[in-house]
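Have a look at the structure below before the remarks.
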Amino acid sequence: MSDRIRNFENLELKFLGVSSGHSDSHTNAYFKPDPETLVFIDISMLNIEKARKLLGWNLKRVIVLITHLHPDHASGVVSLAYAVKSVNRSVILEVVLHKNIALEATRMFDAMGGRESPPFGSKVEKGMPVYRLYGLDSVGDSDDYCFGSNGCTTSSTYLPKRLKFRKIDCLKEIISTRHSEKLRGAYGFWLEINGKSVVYSGDTLFISPFITKLDSIAYNYGSEKEAELYLDISVRHSGLHLNWDYKTVDAITGMLRLMPNLKVILMHFDDNKGFAKKLLQERIENEIAEQFRDRIMLAQEEQFN
Ligand SMILES: [Zn+2]
């Protein structure tokens with residue numbers, strides 16, 4: 001057990017919450033690629049108070065990478081934007097997602113109050129955005145900022161000057177996956193943090209896009225590369241999330257064999273009462289070969305006072 005805990009201390013991502021949308025611990029992660037930058041992966045309303053505790057006046061950049069637009073992953077964006085402004089007025093929250101969901105996201109966040117009302121009597125017709133939203137392509141590039149209540153635009157008049165997208169160095173790729181039929185898109189991320197490859201699935205029905213990504217990382221950087229795979233996992237057969245079954249176990253153990261410095265971190269548990277965690281822990285003990293067991297872990301929620 002102590003080894004498991006020690007392993008956690010070295011992981012690149014920390015968690016505001018680790019469970020599903022039906023729990024009181026929505027799965028949202030965060031990390032600091034450098035002392036002046038804070039990056040969230042998804043933000044739910046449920047985690048705003050915790051997120052606020054991480055904000056400081058010394059931050060120059062606060063970014064939220066959004067995997068998809070379900071409420072447990074995106075409902076906190078506008079509140080986070082206001083929280084960022086309240087701590088440091090010169091910092092605007094950068095909301096980063098795949099361009100295929102940028103239009104829906106813009107409308108959703110605008111409807112939640114993503115624009116400040118212009119002062120009474122002002123001639124300005126529309127308010128100023130409290131966040132900037134970037135719709136990127138799969139390799140993390142954007143022609144320009146993307147923001148506007150009529151959809152994405154590169155000629156927005158809302159901002160005082162054209163603000164070019166500032167590349168996020170640690171973001172290497174936005175990985176397309178499948179989650180819910182009703183969603184236009186769901187995405188994971190490949191990040192490079194402190195020399196480690198971090199592959200984050202977001203909510204996903206399939207493991208294959210992320211195994212393919214790790215395969216190519218092993219091919220390009222060498223199989224000894226340090227890596228972390230964060231995986232949405234379900235023991236409930238919900239039809240929306242990756243099932244823990246023999247195919248998943250095969251795929252995970254195959255990667256652990258190929259990459260000796262890979263760790264797999266399971267997240268987005270079905271409940272917050274601990275049943276899913278207990279069941280998963282049992283299945284790891286029973287179904288994973290002993291040599292790989294200490295490299296599979298369950299995500300842990302950070303404690304905030
Ligand atoms: Zn979801």
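All of the numbers you see were taken from the coordinates with simple rules; none came from a lab. This structure is a prediction, so every number in the text was calculated from the model and none was measured. All Cβ positions, glycine included, derive from the backbone under ideal geometry; neighbour counts span all protein chains shown.
Worth a mention:
- Remark: the stretch 239-295 carries a charge dipole of roughly 160 debye about the Cα centre, counting +1 on each Lys and Arg Cβ and -1 on each Asp and Glu Cβ.
- Cross-link partners of Lys85 among aspartates and glutamates (Cα-Cα below 12 Å; sequence separation of 8 or more within a chain): Glu94, Glu116
- For the stretch 2-298, relative contact order (Cα pairs under 8 Å, six or more residues apart, normalised by length) works out to 13 percent.
- Inter-label distance for Arg52 and Asn10, nm, one decimal - labels placed 7 Å from Cα along Cα-to-Cβ: 3.7 nm
- Each part reduced to its alpha carbon centroid, the stretch 166-243 and the stretch 77-122 end up 26 Å apart.
- Going by neighbour counts of Cβ atoms within 10 Å, the residues Glu228, Glu192 line up, fewest first, as Glu192, Glu228.
- Extension gain, Asn261 back to Glu282 (0.36 nm per residue minus Cα-Cα distance, nm): 5.2 nm
- If R0 is taken as 45 Å, the Cβ-Cβ distance between Met112 and Asn220 corresponds to a FRET efficiency of 0.65.
- Projecting the Cα atoms of His70, Asn47, Asn58 onto the dipole axis of the chain, where Lys and Arg carry +1 and Asp and Glu carry -1 at the beta carbon, places Asn58 farthest toward the positive end.
- Taking the longest Cα principal axis of the chain as reference, the axis of helix 275-287 is set at about 40 degrees.
- Chain lengthening between Asp294 and Thr212 when straightened (0.36 nm per residue, less Cα-Cα): 27.2 nm
- Order of Arg132, Arg184 under a 10 Å beta carbon neighbour criterion, fewest first: Arg184, Arg132
- Net charge dipole size for the chain [Lys, Arg +1 and Asp, Glu -1 on Cβ; Debye, nearest 20]: 1000 debye
- Distance between the modelled labels on Asn305 and Ser238, one decimal in nanometres: 3.3 nm (7 Å Cα→Cβ projection).
- Once the Cα atoms are used to define both axes, helix 77-87 deviates from the longest principal axis of the chain by about 70 degrees.
- Note on Ser176 and Asp137: the extension gain reaches 13.0 nm, defined as 0.36 nm multiplied by sequence separation minus the Cα-Cα distance.
- Summarising the strand pairing of the stretch 2-298, around 40 percent of its internal DSSP beta bridges are antiparallel.
- Taking the C-alpha atoms only, the angle from helix 102-111 to the longest principal axis of the chain is near 60 degrees.
- Pairs from the list Lys14/Lys99; Lys213/Lys278; Lys172/Lys196 with a Cα-Cα gap above 21 Å: Lys14/Lys99; Lys213/Lys278.
- Three-way shape call for the chain based on the alpha-carbon gyration tensor, with the a/c threshold at 1.5: prolate
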